[in-house]
Every structure is written in structure tokens, then in C-alpha cells.
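These notes concern the structure reproduced below.
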Amino acid sequence: MKHFSEILAEVSRPSRYLGGELGSIRKEPSKVDVRVALAFPDVYEIGMSNVGLAILYHLLNHIEWLAAERVYAPWPDMEEKLLLNGWPLSSLESETPLKEFDILGFTLQYELSYSNVLNMLRLAGIPLRAEQRNEKFPLVIAGGPCAFNPEPLADFLDCVVIGDGEEVVPEVCSLVRKGKQNGMPRSALLERLAEIEGVYVPAFYDVEYKSDGQVAAIKPRPGMPARVRRSILADLEKAPYPNSPIVPFMNTVHDRVAVEISRGCTRGCRFCQAGFIYRPARERSPERISNIIEEALKKTGYGEVSLLSLSAGDYCYMEVLLKHLMANLSERKVSISLPSLRIGSLNEAMLDEIRKIRKTGLTLAPEAGTERLRKVINKDISEEELLNNCQLAFSLGWRLVKLYFMMGLPTENKEDLAAIVNLAAKVKQSGKGTQGGSDVNVSVSTFVPKPHTPFQWEGQIDMETTREKQQFLWTACKERKLRFKHHDARLSFLEGVFSRGDRRLGQVLEKAVTAGCRFDGWTEHFSFERWQEAFQACRIEPGFYLRERGEDEILPWDHIDSGISKNFLLKEREKAGLGTSTPDCRFSHCSHCGICDFRDIRNRLSRDESYQLKPFENFAAPPEVNTEQRHKVRLRLAKEGKTRFIGHLELMTVIHRAVQRAGIPIKFSAGFHPAPRISFGDALSAGVASRAEIIDCELLNAVRPSAIAVKLNRELPEGLEVLEAWEIEPGTPSPGESIEESCFLVELPDNIPPDLDRRINDFLEAEEIIVARDQKKGRKQTDIRANIRTIERNGTSLILKMSKGNPLFTVGFLLDYSLDQARSLTISKISVKLKST
């Protein structure tokens, strides 16, 4: 059986599975009482961008007696290796099998990840159904936005955290600790957990169905509440927030410092589940946000800060905060992004601040094409506001605006659909003659009526209607030279089924996972045919869940109390039919949604004008530069241990961030997207170690090379080390052009060909050796002899000297190995010979 590290070179993106990232926390298992595995049911680069999981990771690890570790869904190639070698799915920090933890907690961010939840349990060797698990197995819990209808997963979860987790999850962990200390049976522990506000135990609720398939009753067992009240974090300002986030080796989906500036939104868009389940609106103060950002940038080296909120433009001191941040960050080339901007909340001052470093993407969401339909959904914005915002952005240099719409909304007609294209065309026209451009992307998703919204009773359009509408929009956008993107109708269908479904879908989910369904949100892995077969095998008609619901019907999630009264939702639905708006209670009178007690639970807006925003001490402006002088330093870097599996682009990212953290005065390129002037040598294959990676850094002013080496080594992760640093002339060729020869050491396996010496001689005597290489654009013929200078066998090792290129093809050829087999060998670049200057 292979060691785990041996297969890393055989899978795509091995850095997903390395662990040991800067900022990650590993505690000694023997020194803690409770161990929690925080699981995200999608691939690493998606899960690492989830703010909720990051908050819990740092919150729990700050508790002395508790250790929190991470695990993500393995990509199918890694899953295959795990099953082939009989390895259970394990955590990143300590490589502990998941079944050895006390708690396994899943983040439910979107419905199409449910198959990954079950598959991760299967790979961990944990029984899928809660009733099959005893005290030997961890408690399987879940939380996140999808937890507001946990019923499709009810059979598989021991308990569910409803609402904000900052206070509930530590309380759950504390109770588990007491249970372990007192030998509490699992059933008794679940009863105690059910007493915590915000914790739902599905096993304590029985569901009955009518003959027509509707829910007849949801019956709590004796002692259980009829409805499970959501947990609400009253004061965001006092809540902990990580200021030393984990810095991945690889680029993730949201590769930046992400700071939650506010939580909750009271705009009241009737389709938006987040706008209801995260009420009330709570803001952090400008000082707190500024302090988090300063500390996080110091510890990460990121080049971008993202201000997170459901509606960032509504933050009370957004303009002041932006000016403060840009005054401190612009000279360090750190940009600001606002991923959720409400039309009408933008102004010239805000956009002018954002554009000073690099123009991050500008995305606006009109949601509907006509003002009539926007009133139906309570999206109280006008066409004039949208056009003014876009024209302003284009005039300030933005070249692309992305517009998000929905189709299939209640009361939508053909005019509403056509208006999407007309409105986008007007936005495009607004950019004509500006210094930016006038490119417009139109993205249209299918409306899914979500639980706990005024539209939870509405029906969802079927796949045939979805495709007809998509075809109409595609044709119309093409005629107007607009880029059109849409969601796969099958994915929207499945999302609707599981977001509105009940417990009977558990058997379908289990059947689909057994048939191979996983990563359903990824087109290359989604199999609608398998899902159809699973529904048929379970005799469940999925379209049943997309129908319009009666207002007196018991909904599968009615026993989950989001804090919003059902009467309020019904009144909002009625107002939607009348095309009547409901004002935002932050700026108007109370709308009586039911969420506030007006003591602890209430809107908490940052309106205290006594705040003091201090300059960033660790981000002082770089020194004045003499443009006539250039300073370059060359580094020789070791890349060993787990870091040998870091890809070339990932190594570049790691070095860029380390340079930023070390405060080295690096020079940046000019233009819209400034980048550090750091040059790297040729790419090294994943899995090949090195003690001779050459890197050049161009500096703003002279710094002793030895000081740069010391500073960088303080910031580099284990396995990366600057071995040598020296000053070079500004005109010195790049590292790739400077290397005359690279020397590789290959440790030979036990089963080498008996005629290896003859193979080496024949290879060296040949004028050329042509092999086929698989590349993205197809197979390519390559001469692997051309770059080989010498090959020497020294007992149990080979020494290859090459002018350039990849040693794997030559080693594979000599040993009669496939490329994957060659990758599993221990190969190191031990030295380079530089050209004389």
C-alpha cells in the first residue's frame, strides 16, 4: 500500500490536501477534550472561501479544551485513490479519520451539495443514517442557510443548528464535553442538545403525510417544542471575527481578506431567503472593521480586501470607510471590492475610491426587467437609477458591468422577459463614448421559491418552460450584441426540489449517491439521468415539490421558526400581487415582521459619529523612489516536504504574499492591474523537490540581500526556505534565461529494469528520442533527448543534468514507467549552474 504523500503527485491540484497552510491551527489531540471536524461538502477552493466556516474554525480553536480541524470533499480522482488504498477520509490538520472525531459538522451552503454530504460520510466509514450510529461515531450536525429546511437530510443528521452559530456551536461542544466526561448515552445527549435554542434534533419529530402527498402533521415528541426557534446573534460588534485567516497555497474562489461588515438585510426583497433568515440588520463599527483589515493584511499578504454584506452599499459609513481604507492601502497596491452593491447605493465618491488601485468587477442586480415586476418582488429601484449608476461607472473607467436577473418570477409575462434585454441594451448604450467601455454581461437564473420568504407558496416553472425562456433571451441578447449566461435548467429543477422538499427525499438522495452522484453543482460531474433513476426507483415524482402550495397547507419546514411571522409573509405575498412596496425599516417605520424584541434583538446600525479611524501602522507608504536607480535581488529557494506538491502558479502566489507580509519594498508594474515585479524560473513538476529554485525580486530601494532572506524565511511556510540571496545587475536576464544547467537526483525504486545501464547508454548515444505527450490541445510529439546533457547512475540513484525541461519523461522512459508512475518517485533538483554574465 502506498503512503498518502505518494499519491499526491497523481491527483489534480494536490495542494487541496496538504494542510499546514499559514494560519492553520493544529492542537495535540491528547491535550483537548473535544475534537470537531468542520466539513464543507465541496472542493477545497470553494470551501476555503466560506466565511462562516472560517469564523467557527477560529472561534472554536480559541477554546483551550477544544480542537477544530477542516475537511473538504475530495475531488473524484482523490476519492478513487482513497478507495483503492482503503484510506478513510481524514482531516487536513492532523490527518485524523473523521470517524474518530467527537463532532462532524457540515456547512449547508447550497442544496446541490447534499450528495457530497452523504458521500463524505461514506468515505469516512460513518453510517449514513442517524439511527444506525451509536456512541462509537461522531455526532453529525449541520448548519448554514439550507438548514432552514433540513428535512431532506433529516434521516442523516443527529442535530441541526438553526441560525447564527457563534453562540450555539460552542454551547453544543460544551455539552458534548460534559457528555463524554459523564458517560452520557447518545439518546440522552440528544435530548439535552434539543434544549438549546437554535438546535433541532430531527429524530424527535415525526412527520405524517396525506394520501395526496402533502404533509398532514409534524408532531414533536413529548418535551420537545412545537417549533425550533432560530438562534440570533444580537450584537455583531462584540462577536469574534478572525483577523489571522488561513492563507491557502492555491488560489481559491475568493482569494482575499474577506470582512463581514454587516449581517442581515431589511430591504425586504420578497424572493430573497437571506434577506429574511438573517434579520435584523447588524453592523460592525468602522473602527472594528479597520482593525480587522489591518491585522489580517499584516498576517496574510493578500492584495485585495472584500467588504461582505447582503447589501454593502447600505452600510452607514461606507463612503467614510472606503476613503479611510484607500488612504491606507493604495500605496501598498491593495484593492477593495464590494461584491454586493445595491443599485442606487452607489455614488461617484465611492466608485472613485474603489478604482484607485484596480477596477474590481462591478456587478449589479436589477433582478427584473420592468418596474412593475420589480415592485412585485419589492426591489424598489428605478431604471433611471440603474442607468445613472452604470453610466457613472463607465465614465470612471469600468469596461464591464454584469447584470443579474431572474426569470420565472410570480406574475412574469412576455413583456417582462423582453424588458430584460431592452434594459441591458440601454445599460450598454450608457457607456458609449466614455473612457471605459460598454461591455455588458447578462446573467439570468431561474427563480426558486425558497422557504421562509413571501414567495414560499409560489410554484416554480418547469424545465421545458425554463428552456423556452432561455432560448428567447439568448436569441434576443445575440441580436443586441449582449453576452448572455444562464443556469442549467436541470440544476435549477433539482435545487427547487431539495430546497422545498420533505423527509421522503432522503431515500432518493441515498439512492443517487449509491449510483455515483456527487459534485452536482459541477457540470462535468452532474448526471441528471442518475437522479431521474433514483426518483423512479423510490416512486417519487419530483415535480410535486415545485407546485404552488396552499396558504393553509402545512409546509415541510413549518416547525423551523426563522423569527419572521407567517402572517407577515402572507401579507407580503398579498402586497406582491397588488404591486405594493414595503419600505426598509432601517430608514422608515417598523414593518412588524416579528424578528425584533426591541431590547436585545433589533437593528443595530453603526451611527455613532464619535468613531476614530487611525492610520494603519503596518502599512506605511513605501519610501520615495529614485526612478533612475534599479535594485534587483536574486534568491535561491528550497521547496521540500509537502510544499513540493505546490504547483508553479501556486508557488508564485505564496512568494508574492510572503513578500507583502515581510514588508519588503517590492516594485509593482504599472497599468490597471499592478503586479509585483518578481520573476520565477521554469515550472517544476508537482512532487519534484528542489534546493535550487531561482527567483528575482525588483525593489523600490536597496535592501541588504541577507536581510531579505531573513525576513522572508520568517513568513514562508514549512518546506520553503531561502537558502541564499545576492544582489544582481538590473539588466541580468530572467531566472529562466540565466540557468545553463539543472541537476536532478532520482532515487531508484526496487524494481528497476535489469538492463538499466544499457538503456542509459543507448539513450545518451541516440541523436533524438521522440515520445508522445498529452497536452490540453491533444497529443504532441517531443524529443526528450535534446535537453539531456548527462545521466549517471550512482548505486540506487540517478543524476540527470539538463539544459531545461522536465525530468519525468526521461526517467519514465528509462524505467519503462508511465508518467503517473514516474511522478510517484522521489526526485529532487539539487543544483543549478548559472550562465556567466
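The values are calculated or read from the model by the stated rules, or taken from the named source; none is laboratory data. Keep in mind it's a predicted model, so treat the numbers as computed, not measured. All Cβ positions, even for glycine, are placed from backbone atoms using ideal geometry, and neighbour counts span all protein chains on display. Areas reflect the complete protein model, heavy atoms only, side chains present, ligands, DNA and RNA absent. Shrake-Rupley method; radii C 1.70, N 1.55, O 1.52, S 1.80 Å.
Put simply, when 634-644, 158-168 are sorted by average Cβ atoms within 10 angstrom per residue, most first, you get 158-168, 634-644. Averaged per residue, segment 1-117 has 35 square angstrom of accessible surface, using a 1.4 angstrom probe with ligands and nucleic acids left out. Where the alpha-carbon atoms of segment 771-815 are placed on the principal axes, they occupy 39, 20, 12 Å, in descending order. Direction-averaged shadow area of the convex hull around the Cα atoms of segment 396-471, nm²? The orientation-averaged projected area of the Cα hull of segment 396-471 comes to 6.3 nm². Rolling a 1.4 Å probe over the protein heavy atoms gives segment 531-662 an accessible area of 53 Å² per residue. Could you tell me whether segment 150-221 comes out rounded, prolate or oblate from its Cα gyration tensor? Rule is a ≥ b ≥ c as square roots of the eigenvalues, rounded for a/c under 1.5, then prolate if a/b exceeds b/c, otherwise oblate. Because a/c hits 1.5 or more and a/b exceeds b/c, segment 150-221 counts as prolate. Per residue, the convex hull spanned by the Cα atoms of segment 660-793 measures out at 192 cubic angstrom. Estimated translational diffusion coefficient (Stokes-Einstein, Kirkwood radius over Cα pairs, 10 °C, 1.306 mPa s) of segment 135-188: 130 µm² per second. Of the listed residues PHE498, PHE813, the order by accessible area with a 1.4 Å probe, largest first, is PHE813, PHE498. Based on DSSP H segments of at least four residues, each scored -39500 (n - 2.57), the chain has a per-residue ellipticity at 222 nm of -9000 deg cm²/dmol. Sorting 766-772, 553-559 by average packing, meaning the other beta carbons within 10 Å per residue, from highest down gives 553-559, 766-772. Please say if segment 719-830 is rounded, prolate or oblate, where rounded means a/c under 1.5 for a ≥ b ≥ c the square roots of the C-alpha gyration tensor eigenvalues, and otherwise the choice is prolate for a/b larger than b/c and oblate otherwise? Verdict is prolate for segment 719-830. With a cut-off of 14 Å between beta carbons, the residues surrounding ARG758 carry a summed charge of -3, where Lys and Arg count +1 and Asp and Glu -1. Comparing PRO14, HIS648, LEU297 along the charge dipole axis of the chain, the residue lying farthest to the positive side is LEU297, per the Cβ-charge model.
Computed over the alpha-carbon atoms, segment 462-567 gives an Rg to Rh ratio of 1.05, Rh here being the Kirkwood radius from the mean inverse distance.
Multiplying each eigenvalue of the alpha-carbon gyration tensor of segment 624-702 by 5 and taking the square root yields semi-axes of 26, 13, 11 Å, largest first, rounded to whole angstroms.
For the residue pairs LYS298/LYS333; LYS402/LYS426; LYS428/LYS485; LYS136/LYS511; LYS801/LYS833; LYS426/LYS481, alpha carbon separations beyond 18 Å are given by LYS136/LYS511. Panel values: the chain, Kirkwood radius from alpha carbon pairs, Stokes-Einstein at 10 °C and 1.306 mPa s, translational diffusion coefficient 54 µm²/s. Apply the a/c threshold of 1.5 to the C-alpha gyration tensor of segment 27-182 and tell me whether it is rounded, prolate or oblate. Here segment 27-182 falls in the rounded category. Overall, the accessible surface of the chain at a probe of 1.4 angstrom is composed of carbon and sulfur to the extent of 47 percent. When only the Cβ of Lys, Arg, Asp and Glu is charged (+1, +1, -1, -1), the dipole of the chain relative to its Cα centre reaches about 1000 debye. Across the protein chains, with a 1.4 Å probe defining accessible surface, the residues VAL207, VAL722 rank VAL207, VAL722 from largest area downward.
Taking every DSSP bridge with both residues inside the chain, close to 55 percent are antiparallel.
Of interest is the spacing of the C-alpha centroids, which for segment 787-837 and segment 466-536 amounts to 47 Å.
With respect to the chain, whose longest principal axis is taken over its alpha-carbon atoms, helix 383-395 is tilted by about 20°.
Placing unit charges on the Cβ atoms only, positive for Lys and Arg and negative for Asp and Glu, gives segment 421-503 a dipole magnitude near 440 debye about its Cα centre. Heavy-atom accessible area, probed at 1.4 angstrom with all protein chains present, ranks TYR44, TYR209 as TYR209, TYR44, highest first. Take every pair of alpha-carbon atoms less than 8 Å apart whose residues are at least six positions apart; their mean separation over the length of the chain yields a relative contact order of 12 percent.
Here the Karplus curve 6.51 cos²θ - 1.76 cosθ + 1.60, taken at θ = phi - 60°, turns the phi angles of segment 143-148 into couplings of x, x, x, 6, 5, 6 Hz, with x standing for Gly and Pro.
Taken per residue, the accessible surface of segment 131-258 reaches 41 Å², heavy atoms only and a 1.4 Å probe. With point charges of +1 on the Cβ of Lys and Arg and -1 on the Cβ of Asp and Glu, referenced to the Cα centre of segment 117-232, which listed residue (GLY125, PRO225, TYR209) lies farthest in the positive direction of the dipole? Of the candidates, GLY125 comes out farthest on the positive side.
For segment 94-217, a Kirkwood hydrodynamic radius built from all Cα pairs, placed in the Stokes-Einstein relation at 20 °C and 1.002 mPa s, yields a translational diffusion coefficient of 141 µm²/s. Magnitude of the charge dipole for segment 638-730, about its Cα centre and with charges confined to Cβ atoms of Lys, Arg (+1) and Asp, Glu (-1), is about 320 debye.
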